Amino acid sequence: MLLPELAEKIVKEVRKLIGEDIIVVNTEGYIIASTDLERLGTFHEGALNASQNKRKLIITKEDQTKLIGVKAGINFPIFFQNDVIGVIGITGDPAKVTPFGEIIRKMTELLISENYYAEQFDWHSRALESFVMDWIQAKEWNDAFMNRAKLLNIDMEIIRSAVIIEFSGLTSPITREAWSSIFERFQKNDQEVVARSGNDRIILLINCTNGISRERIEKRLKQFFHFLLDRFNIHAIAGVGQPADPKEIRVSYSQAERSLKIVKSPSSIAFDEDLTLEMLLEEISQKTKADFIKRTLGPLTLENELMATIKELFNQNHSLKNTAKNLHIHINTLHYRLKKAEELTGLNPNNIHDLLTMYLATLLLGEQTKINH
(Lines give C-alpha, C1' and ligand atoms only; values in the text may rest on other atoms or scores of the structure.)
Protein backbone atom coordinates (compact mmCIF):
# COMPACT_ATOMS: atom_id res chain seq x y z
CA MET A 1 0.00 0.00 0.00
CA LEU A 2 2.72 2.45 1.02
CA LEU A 3 5.18 2.26 -1.86
CA PRO A 4 8.52 4.13 -1.87
CA GLU A 5 7.32 6.44 -4.67
CA LEU A 6 4.34 7.59 -2.58
CA ALA A 7 6.51 7.82 0.52
CA GLU A 8 8.90 10.16 -1.32
CA LYS A 9 5.97 12.35 -2.34
CA ILE A 10 4.83 12.50 1.28
CA VAL A 11 8.30 13.52 2.47
CA LYS A 12 8.49 16.32 -0.11
CA GLU A 13 5.03 17.67 0.76
CA VAL A 14 5.56 17.53 4.53
CA ARG A 15 8.97 19.20 4.25
CA LYS A 16 7.17 22.24 2.84
CA LEU A 17 5.45 22.67 6.22
CA ILE A 18 8.33 22.08 8.58
CA GLY A 19 12.06 22.55 8.16
CA GLU A 20 13.05 19.36 9.98
CA ASP A 21 14.20 16.00 8.64
CA ILE A 22 11.34 13.67 7.76
CA ILE A 23 11.28 9.88 7.43
CA VAL A 24 8.61 7.43 6.27
CA VAL A 25 8.95 3.88 7.59
CA ASN A 26 7.16 0.71 6.49
CA THR A 27 5.42 -1.66 8.93
CA GLU A 28 8.57 -3.81 9.14
CA GLY A 29 10.49 -0.87 10.57
CA TYR A 30 12.62 0.03 7.53
CA ILE A 31 12.95 3.60 6.28
CA ILE A 32 11.63 3.84 2.69
CA ALA A 33 11.82 7.64 2.25
CA SER A 34 13.81 10.33 4.01
CA THR A 35 15.14 13.84 3.64
CA ASP A 36 18.44 12.33 4.85
CA LEU A 37 19.32 9.92 2.05
CA GLU A 38 21.89 8.11 4.22
CA ARG A 39 19.07 6.72 6.37
CA LEU A 40 17.26 5.04 3.47
CA GLY A 41 16.89 1.31 3.97
CA THR A 42 18.04 1.39 7.62
CA PHE A 43 16.10 -0.15 10.50
CA HIS A 44 14.16 2.14 12.87
CA GLU A 45 13.14 0.42 16.10
CA GLY A 46 11.07 3.37 17.32
CA ALA A 47 8.93 3.41 14.19
CA LEU A 48 8.40 -0.35 14.48
CA ASN A 49 7.15 0.11 18.05
CA ALA A 50 4.81 2.94 16.97
CA SER A 51 3.46 0.73 14.19
CA GLN A 52 2.88 -2.28 16.41
CA ASN A 53 1.33 -0.29 19.27
CA LYS A 54 -0.72 1.89 16.89
CA ARG A 55 0.10 5.10 18.71
CA LYS A 56 2.58 7.94 18.55
CA LEU A 57 6.00 7.57 20.09
CA ILE A 58 8.13 10.45 21.35
CA ILE A 59 11.85 9.70 21.12
CA THR A 60 14.16 11.59 23.48
CA LYS A 61 17.92 11.94 23.25
CA GLU A 62 18.18 9.26 25.94
CA ASP A 63 16.18 6.88 23.70
CA GLN A 64 18.83 7.27 21.01
CA THR A 65 21.13 5.07 23.10
CA LYS A 66 18.45 2.46 23.76
CA LEU A 67 16.66 2.04 20.42
CA ILE A 68 18.22 0.99 17.13
CA GLY A 69 18.47 3.57 14.30
CA VAL A 70 16.56 6.36 16.00
CA LYS A 71 17.01 10.09 16.44
CA ALA A 72 15.24 12.42 18.84
CA GLY A 73 11.83 13.44 17.53
CA ILE A 74 8.36 11.97 17.21
CA ASN A 75 6.88 9.03 15.27
CA PHE A 76 3.24 8.81 14.20
CA PRO A 77 1.55 5.66 12.87
CA ILE A 78 -0.18 6.28 9.51
CA PHE A 79 -3.70 4.86 9.29
CA PHE A 80 -5.64 3.91 6.18
CA GLN A 81 -9.07 2.30 6.55
CA ASN A 82 -8.32 1.69 10.25
CA ASP A 83 -5.09 -0.21 9.56
CA VAL A 84 -1.54 0.99 10.20
CA ILE A 85 0.28 1.06 6.87
CA GLY A 86 3.43 2.85 7.94
CA VAL A 87 4.97 5.47 10.20
CA ILE A 88 6.00 9.06 9.61
CA GLY A 89 8.77 10.46 11.76
CA ILE A 90 9.91 14.04 12.40
CA THR A 91 13.45 14.48 13.64
CA GLY A 92 14.15 17.29 16.13
CA ASP A 93 13.42 18.53 19.61
CA PRO A 94 10.19 16.73 20.64
CA ALA A 95 8.89 19.86 22.36
CA LYS A 96 9.34 21.81 19.13
CA VAL A 97 8.05 19.27 16.57
CA THR A 98 5.18 17.65 18.54
CA PRO A 99 2.73 20.56 17.92
CA PHE A 100 3.06 19.89 14.20
CA GLY A 101 2.51 16.17 14.62
CA GLU A 102 -1.24 15.75 14.23
CA ILE A 103 -1.41 18.18 11.33
CA ILE A 104 1.35 16.29 9.54
CA ARG A 105 -0.25 12.92 10.22
CA LYS A 106 -3.61 14.13 8.87
CA MET A 107 -1.92 15.57 5.80
CA THR A 108 -0.07 12.30 5.22
CA GLU A 109 -3.22 10.22 5.54
CA LEU A 110 -5.02 12.57 3.16
CA LEU A 111 -2.25 12.20 0.56
CA ILE A 112 -2.44 8.41 0.87
CA SER A 113 -6.22 8.42 0.56
CA GLU A 114 -6.12 10.66 -2.52
CA ASN A 115 -3.47 8.45 -4.10
CA TYR A 116 -5.50 5.32 -3.38
CA TYR A 117 -8.69 6.67 -4.97
CA ALA A 118 -6.73 8.04 -7.92
CA GLU A 119 -5.27 4.57 -8.50
CA GLN A 120 -8.74 3.02 -8.19
CA PHE A 121 -10.12 5.52 -10.71
CA ASP A 122 -7.29 4.80 -13.15
CA TRP A 123 -7.75 1.04 -12.79
CA HIS A 124 -11.50 1.24 -13.32
CA SER A 125 -11.12 3.58 -16.32
CA ARG A 126 -8.60 1.28 -18.01
CA ALA A 127 -10.62 -1.83 -17.24
CA LEU A 128 -13.82 -0.26 -18.59
CA GLU A 129 -12.11 1.05 -21.74
CA SER A 130 -10.58 -2.37 -22.44
CA PHE A 131 -13.89 -4.17 -21.83
CA VAL A 132 -15.95 -1.85 -24.04
CA MET A 133 -13.47 -2.16 -26.93
CA ASP A 134 -13.52 -5.96 -26.57
CA TRP A 135 -17.33 -5.87 -26.44
CA ILE A 136 -17.51 -3.86 -29.65
CA GLN A 137 -15.22 -6.31 -31.44
CA ALA A 138 -16.45 -9.56 -29.88
CA LYS A 139 -18.53 -12.01 -31.90
CA GLU A 140 -18.82 -14.55 -29.10
CA TRP A 141 -19.02 -14.14 -25.34
CA ASN A 142 -17.10 -16.60 -23.19
CA ASP A 143 -17.14 -17.05 -19.42
CA ALA A 144 -14.12 -14.79 -18.90
CA PHE A 145 -15.83 -11.99 -20.84
CA MET A 146 -19.05 -12.32 -18.80
CA ASN A 147 -17.08 -12.36 -15.54
CA ARG A 148 -15.45 -9.06 -16.54
CA ALA A 149 -18.91 -7.60 -17.19
CA LYS A 150 -20.07 -8.75 -13.77
CA LEU A 151 -16.98 -7.31 -12.09
CA LEU A 152 -17.68 -3.95 -13.77
CA ASN A 153 -21.38 -4.18 -12.86
CA ILE A 154 -22.57 -4.06 -16.49
CA ASP A 155 -25.94 -5.57 -17.40
CA MET A 156 -25.39 -7.51 -20.63
CA GLU A 157 -29.09 -7.94 -21.46
CA ILE A 158 -29.97 -4.29 -22.10
CA ILE A 159 -30.66 -2.84 -25.55
CA ARG A 160 -28.35 0.11 -26.09
CA SER A 161 -27.43 2.82 -28.58
CA ALA A 162 -23.77 3.63 -29.08
CA VAL A 163 -22.72 7.27 -28.99
CA ILE A 164 -19.21 8.44 -29.83
CA ILE A 165 -18.30 11.83 -28.41
CA GLU A 166 -15.13 13.34 -29.86
CA PHE A 167 -13.24 16.27 -28.37
CA SER A 168 -11.69 18.84 -30.67
CA GLY A 169 -9.06 21.52 -30.27
CA LEU A 170 -7.24 19.83 -27.37
CA THR A 171 -3.88 21.46 -26.69
CA SER A 172 -2.90 19.13 -23.84
CA PRO A 173 -4.04 15.79 -22.39
CA ILE A 174 -7.17 15.86 -20.22
CA THR A 175 -6.30 15.59 -16.53
CA ARG A 176 -7.48 12.84 -14.20
CA GLU A 177 -9.58 15.37 -12.29
CA ALA A 178 -11.30 16.46 -15.51
CA TRP A 179 -11.98 12.85 -16.53
CA SER A 180 -13.46 12.21 -13.09
CA SER A 181 -15.83 15.17 -13.48
CA ILE A 182 -16.76 14.02 -16.98
CA PHE A 183 -17.65 10.50 -15.85
CA GLU A 184 -19.69 11.85 -12.94
CA ARG A 185 -22.02 13.44 -15.50
CA PHE A 186 -23.09 9.97 -16.63
CA GLN A 187 -23.07 8.04 -13.35
CA LYS A 188 -26.59 9.02 -12.31
CA ASN A 189 -27.91 6.17 -14.45
CA ASP A 190 -26.15 2.95 -13.48
CA GLN A 191 -27.56 1.13 -16.51
CA GLU A 192 -25.49 3.22 -18.92
CA VAL A 193 -21.90 2.55 -19.80
CA VAL A 194 -19.38 5.32 -20.41
CA ALA A 195 -15.73 4.68 -21.24
CA ARG A 196 -12.73 6.54 -22.56
CA SER A 197 -11.40 5.78 -26.01
CA GLY A 198 -7.93 7.29 -26.04
CA ASN A 199 -7.61 10.86 -24.81
CA ASP A 200 -10.03 12.53 -27.21
CA ARG A 201 -13.10 10.29 -27.32
CA ILE A 202 -15.84 8.93 -25.09
CA ILE A 203 -17.94 5.90 -25.91
CA LEU A 204 -21.40 6.13 -24.35
CA LEU A 205 -23.75 3.13 -24.46
CA ILE A 206 -27.24 4.47 -23.70
CA ASN A 207 -29.92 2.28 -22.16
CA CYS A 208 -32.76 2.03 -24.69
CA THR A 209 -34.69 -0.86 -23.14
CA ASN A 210 -37.75 1.25 -22.35
CA GLY A 211 -37.27 3.52 -25.32
CA ILE A 212 -35.59 6.89 -25.32
CA SER A 213 -36.49 9.64 -27.72
CA ARG A 214 -34.07 11.23 -30.13
CA GLU A 215 -34.95 14.61 -28.60
CA ARG A 216 -33.94 13.42 -25.15
CA ILE A 217 -30.60 12.07 -26.38
CA GLU A 218 -29.93 15.29 -28.25
CA LYS A 219 -30.82 17.40 -25.21
CA ARG A 220 -28.51 15.39 -22.94
CA LEU A 221 -25.60 15.64 -25.37
CA LYS A 222 -26.11 19.38 -25.83
CA GLN A 223 -26.08 19.84 -22.06
CA PHE A 224 -22.89 17.81 -21.87
CA PHE A 225 -21.27 19.90 -24.61
CA HIS A 226 -22.13 23.04 -22.65
CA PHE A 227 -20.60 21.52 -19.51
CA LEU A 228 -17.37 20.66 -21.37
CA LEU A 229 -17.06 24.14 -22.83
CA ASP A 230 -17.96 25.93 -19.62
CA ARG A 231 -15.75 23.87 -17.28
CA PHE A 232 -12.80 22.88 -19.45
CA ASN A 233 -13.04 24.99 -22.63
CA ILE A 234 -13.36 21.77 -24.67
CA HIS A 235 -15.42 21.59 -27.86
CA ALA A 236 -17.05 18.31 -28.82
CA ILE A 237 -19.11 16.60 -31.51
CA ALA A 238 -21.10 13.36 -31.45
CA GLY A 239 -22.28 10.53 -33.67
CA VAL A 240 -25.25 8.43 -32.55
CA GLY A 241 -25.93 4.85 -33.63
CA GLN A 242 -29.31 3.11 -33.56
CA PRO A 243 -30.51 0.82 -30.74
CA ALA A 244 -29.07 -2.69 -30.88
CA ASP A 245 -29.19 -5.94 -28.93
CA PRO A 246 -26.18 -6.45 -26.61
CA LYS A 247 -24.53 -8.94 -28.97
CA GLU A 248 -24.96 -6.52 -31.88
CA ILE A 249 -23.57 -3.43 -30.16
CA ARG A 250 -20.73 -3.35 -32.71
CA VAL A 251 -23.35 -2.50 -35.36
CA SER A 252 -24.57 0.51 -33.39
CA TYR A 253 -20.95 1.53 -32.77
CA SER A 254 -20.16 1.38 -36.51
CA GLN A 255 -23.20 3.52 -37.18
CA ALA A 256 -22.02 6.06 -34.60
CA GLU A 257 -18.59 6.15 -36.25
CA ARG A 258 -20.17 6.65 -39.65
CA SER A 259 -22.36 9.46 -38.31
CA LEU A 260 -19.41 11.17 -36.65
CA LYS A 261 -17.64 11.50 -39.99
CA ILE A 262 -20.27 13.84 -41.40
CA VAL A 263 -20.27 16.29 -38.47
CA LYS A 264 -18.89 19.60 -39.69
CA SER A 265 -19.18 22.13 -36.86
CA PRO A 266 -18.46 22.14 -33.10
CA SER A 267 -21.25 21.02 -30.75
CA SER A 268 -23.03 19.26 -33.63
CA ILE A 269 -24.69 15.84 -33.37
CA ALA A 270 -25.31 13.41 -36.23
CA PHE A 271 -27.75 10.51 -36.01
CA ASP A 272 -27.29 7.43 -38.15
CA GLU A 273 -30.99 7.36 -38.94
CA ASP A 274 -30.55 10.62 -40.89
CA LEU A 275 -27.81 9.32 -43.18
CA THR A 276 -28.61 8.65 -46.82
CA LEU A 277 -25.84 9.33 -49.32
CA GLU A 278 -23.26 8.91 -46.57
CA MET A 279 -24.27 5.26 -46.19
CA LEU A 280 -23.09 4.57 -49.73
CA LEU A 281 -19.89 6.57 -49.41
CA GLU A 282 -18.94 4.62 -46.30
CA GLU A 283 -18.80 1.40 -48.31
CA ILE A 284 -16.32 2.76 -50.86
CA SER A 285 -12.65 1.90 -50.31
CA GLN A 286 -10.14 4.64 -49.54
CA LYS A 287 -8.23 3.93 -52.76
CA THR A 288 -11.38 4.29 -54.86
CA LYS A 289 -12.21 7.54 -53.08
CA ALA A 290 -8.71 8.91 -53.72
CA ASP A 291 -8.88 7.90 -57.39
CA PHE A 292 -12.30 9.51 -57.75
CA ILE A 293 -11.08 12.80 -56.29
CA LYS A 294 -8.04 12.77 -58.56
CA ARG A 295 -10.15 12.20 -61.69
CA THR A 296 -12.68 14.90 -60.81
CA LEU A 297 -11.49 17.76 -58.62
CA GLY A 298 -7.83 16.81 -58.80
CA PRO A 299 -6.83 19.87 -60.87
CA LEU A 300 -8.52 22.17 -58.31
CA THR A 301 -6.78 20.82 -55.22
CA LEU A 302 -3.90 23.25 -55.78
CA GLU A 303 -6.26 26.12 -56.68
CA ASN A 304 -7.39 27.24 -53.23
CA GLU A 305 -9.59 30.07 -54.47
CA LEU A 306 -11.44 27.91 -56.99
CA MET A 307 -11.79 25.06 -54.52
CA ALA A 308 -13.26 27.38 -51.89
CA THR A 309 -15.69 28.71 -54.49
CA ILE A 310 -16.96 25.24 -55.41
CA LYS A 311 -17.41 24.31 -51.73
CA GLU A 312 -19.33 27.50 -51.03
CA LEU A 313 -21.53 26.89 -54.08
CA PHE A 314 -22.68 23.61 -52.53
CA ASN A 315 -23.00 25.17 -49.07
CA GLN A 316 -25.42 27.65 -50.64
CA ASN A 317 -27.44 24.96 -52.44
CA HIS A 318 -26.16 26.12 -55.83
CA SER A 319 -27.49 29.66 -55.31
CA LEU A 320 -25.16 31.88 -57.32
CA LYS A 321 -26.46 35.01 -55.62
CA ASN A 322 -25.83 33.70 -52.08
CA THR A 323 -22.48 32.21 -53.05
CA ALA A 324 -21.21 35.52 -54.41
CA LYS A 325 -22.56 37.33 -51.35
CA ASN A 326 -20.85 34.99 -48.87
CA LEU A 327 -17.57 35.10 -50.78
CA HIS A 328 -17.80 38.92 -50.98
CA ILE A 329 -17.30 38.90 -54.76
CA HIS A 330 -19.24 40.26 -57.74
CA ILE A 331 -21.53 37.80 -59.54
CA ASN A 332 -19.41 38.19 -62.69
CA THR A 333 -16.33 37.15 -60.71
CA LEU A 334 -18.21 34.04 -59.59
CA HIS A 335 -19.14 33.18 -63.20
CA TYR A 336 -15.47 33.60 -64.17
CA ARG A 337 -14.30 31.27 -61.41
CA LEU A 338 -16.87 28.59 -62.26
CA LYS A 339 -15.85 28.79 -65.93
CA LYS A 340 -12.22 28.42 -64.91
CA ALA A 341 -13.09 25.39 -62.76
CA GLU A 342 -14.93 23.85 -65.71
CA GLU A 343 -11.91 24.35 -67.96
CA LEU A 344 -9.59 22.65 -65.46
CA THR A 345 -11.85 19.72 -64.56
CA GLY A 346 -14.02 19.25 -67.61
CA LEU A 347 -17.04 19.33 -65.31
CA ASN A 348 -19.86 21.82 -65.89
CA PRO A 349 -21.65 22.89 -62.67
CA ASN A 350 -24.79 23.55 -64.72
CA ASN A 351 -24.96 19.92 -65.89
CA ILE A 352 -26.78 17.68 -63.39
CA HIS A 353 -24.40 14.72 -63.92
CA ASP A 354 -21.30 16.88 -63.59
CA LEU A 355 -22.79 18.74 -60.62
CA LEU A 356 -23.45 15.47 -58.77
CA THR A 357 -19.94 14.27 -59.61
CA MET A 358 -18.42 17.46 -58.22
CA TYR A 359 -20.59 17.25 -55.11
CA LEU A 360 -19.54 13.68 -54.38
CA ALA A 361 -15.90 14.60 -54.89
CA THR A 362 -16.29 17.54 -52.51
CA LEU A 363 -17.78 15.28 -49.85
CA LEU A 364 -14.95 12.78 -50.22
CA LEU A 365 -12.33 15.52 -50.18
CA GLY A 366 -13.81 16.91 -46.96
CA GLU A 367 -13.74 13.44 -45.43
CA GLN A 368 -10.06 12.97 -46.35
CA THR A 369 -9.15 16.39 -44.94
CA LYS A 370 -10.87 15.49 -41.65
CA ILE A 371 -9.03 12.16 -41.43
CA ASN A 372 -5.63 13.76 -42.13
CA HIS A 373 -6.18 16.28 -39.34
Using a 7 Å offset from the Cα along the Cα-to-Cβ direction at both T171 and T42, what is the distance between the two label points in nm, to one decimal? 4.9 nm
Picking from T357, T301, A324, whose Cα lies most toward the positive end of the charge dipole for segment 283-373 (charges on Cβ: Lys, Arg +1; Asp, Glu -1)? A324
Can you work out D for segment 279-340 in µm² s⁻¹ from Stokes-Einstein, where Rh is the Kirkwood radius over C-alpha pairs, the temperature is 25 °C and the viscosity is 0.890 mPa s? 190 µm²/s
Placing +1 on each Lys and Arg Cβ and -1 on each Asp and Glu Cβ in segment 200-264, then taking the dipole about the Cα centre, the residue among S213, L229, S254 whose Cα reaches farthest towards the positive end is L229
In debye to the nearest 20, the charge dipole size for segment 44-170, taken about the Cα centre with +1 at each Lys and Arg Cβ and -1 at each Asp and Glu Cβ, equals 640 debye
Residue separation between H226 and R295 times 0.36 nm, minus their alpha-carbon distance, gives in nm 20.6 nm
Roughly how tilted is helix 214-232, in degrees to the nearest 10 and between 0 and 90, from the longest Cα axis of the chain? 60 degrees
Cα gyration tensor shape for segment 132-219, rounded if a/c is under 1.5, else prolate or oblate: oblate
To the nearest 20 debye, what charge dipole does the chain have about its Cα centre, counting +1 at the Cβ of each Lys and Arg and -1 at the Cβ of each Asp and Glu? 780 debye
Gaussian network model of the chain, springs between alpha carbon atoms under 10 Å - residue of E157, E343, E248 with greatest fluctuation: E343
Taking 0.36 nm per residue of sequence separation and subtracting the Cα-Cα distance, how much length would be gained by fully extending the chain between S213 and E157, in nm to one decimal? 18.2 nm
Suppose all protein chains stay in the model; what accessible area per residue would a 1.4 Å probe give for the chain, in Å²? 56 Å²
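For segment 109-169, what number results from the quotient of the Cα radius of gyration and 2.2 N^0.38 Å?
Normalised by 2.2 N^0.38 Å, the Cα Rg of segment 109-169 equals 1.45.
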What's the carbon and sulfur percent of the chain's accessible surface, probe 1.4 angstrom, rounded to a whole number? 50 percent
Filter on K289/K321; K71/K106; K289/K325; K261/K287; K247/K289; K139/K294 - keep pairs with C-alpha separation over 29 Å: K289/K321; K289/K325; K247/K289; K139/K294
What distance in nm separates the two pseudo spin-label positions at S254 and E114, each 7 Å out from Cα along the beta-carbon direction? 4.7 nm
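Taking the Cα centre of segment 175-264 as origin, work out the dipole magnitude from +1 charges on Lys and Arg Cβ and -1 charges on Asp and Glu Cβ, in debye rounded to 20. Kindly include the intermediate steps, with their values, before the conclusion.
Details: 16 positive and 11 negative charges, 46 e Å.
The calculation lands at about 220 debye.
What translational diffusion coefficient, in µm²/s and rounded to a whole number, does the Stokes-Einstein relation yield for the chain at 4 °C and a viscosity of 1.567 mPa s, taking the hydrodynamic radius as the Kirkwood radius over Cα pairs?
Diffusion coefficient, whole number: 50 µm²/s.
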When only DSSP loop residues count, what GluC sites (Glu not before Pro) in segment 267-326 have their Cβ near at most 13 other Cβ atoms within 10 Å? E283
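The values are calculated or read from the model by the stated rules, or taken from the named source; none is laboratory data. Please read all numbers here as calculations on a predicted model, not as lab measurements. Note that each Cβ is placed from the backbone with ideal geometry, even for glycine, and that neighbours are counted across all protein chains shown. In case anyone asks, the SASA skips ligands and DNA or RNA and just uses the protein heavy atoms, side chains included. Shrake-Rupley method; radii C 1.70, N 1.55, O 1.52, S 1.80 Å.
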